[in-house]
């Protein structure tokens, strides 16, 4: 009889500190996402740390043993019953959006500028900037992550045009949109908890019904598509409320038989 010995995978111990910090115990590598707690982006530091460890050359098949300090005793306790590999955690993200609470989904790395995909292109410096020598595009050697750098000439150009750009933005967001934004900000001061995106749209629609969807998007710093979606929900709610009121309205027929003889 032949006995085959399966080698054990190496183990990496990862400590979770609070909700936004993860530390690789063996190397001391730490990821702290405390500054991102109010953003609609990655929430869990564990996948981010695992991607950092892979970028530093850690074996993808290494098991991640995740621990957290015990609250009622000394020492640490495991967070998960089963240890997953670094590669598995690196392929996930815990994210939150304006329309959905925190959930786990597959990690989608930034792909950089792609022909025909303008939404990706706006996140990189434009071709005319490179042509004028104001900056250039780069790519990190370890994992191919794209990043841009601005030259000293580019910094001077930004300084010369910054005030004009700020003035243009202020003019674009002034008028009715600015009035609605300031009124909402004043209303929020008297609440114990902030309004969500949908609630903000409905509040502005109730108090500033003359605003267009574009103006509402400017006032609330939301996309026009999201404003349109929330306004459609509001219209459906109003229609349902009217229908319910009609169904419960008392009949207005002949009441002469109810008169005492």
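Values computed for the structure shown
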{"item": "Selection count where residues are at negative phi and over 26 Å from the mean Cα position of the chain (by Cα), scope region 49-63", "result": "7"}
{"item": "Residue within region 81-100 that is exposed (fewer than 11 other Cβ atoms within 10 Å of the Cβ), modelled with pLDDT under 90 and within 23 Å of the chain's Cα centre (by Cα) present", "result": "yes"}
{"item": "Qualifying residue in region 185-192 (condition: under 22 Å from the mean Cα position of the chain (by Cα) and touching a residue at least 24 places away in the same chain (Cβ under 8 Å))", "result": "no"}
{"item": "From the options 179, 200, 170, 186, residue that is assigned to a helix (DSSP H, G or I) and closer than 30 Å to residue 132 by Cα", "result": "170"}
{"item": "Subset of region 207-234 [farther than 14 Å from residue 177 by Cα, loosely packed, with under 11 Cβ neighbours inside 10 Å and modelled with pLDDT of 90 or more]", "result": "232"}
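Okay, residues lined up against (1) within 24 Å of residue 75 (Cα to Cα); (2) modelled with pLDDT of 60 or more; (3) out of contact with any helix residue (DSSP H, G or I) (no Cβ under 8 Å at 6 or more places or on another chain):
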| site | (1), (2), (3) |
| --- | --- |
| 8 | no, yes, yes |
| 15 | yes, yes, yes |
| 21 | yes, yes, no |
| 35 | no, yes, yes |
| 39 | no, no, yes |
| 51 | no, yes, no |
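The values are calculated or read from the model by the stated rules, or taken from the named source; none is laboratory data. All values derive from a computational prediction rather than experimental measurement. As a convention, Cβ positions derive from the backbone with ideal geometry for all residues, glycine included, and neighbour counts pool all protein chains shown.
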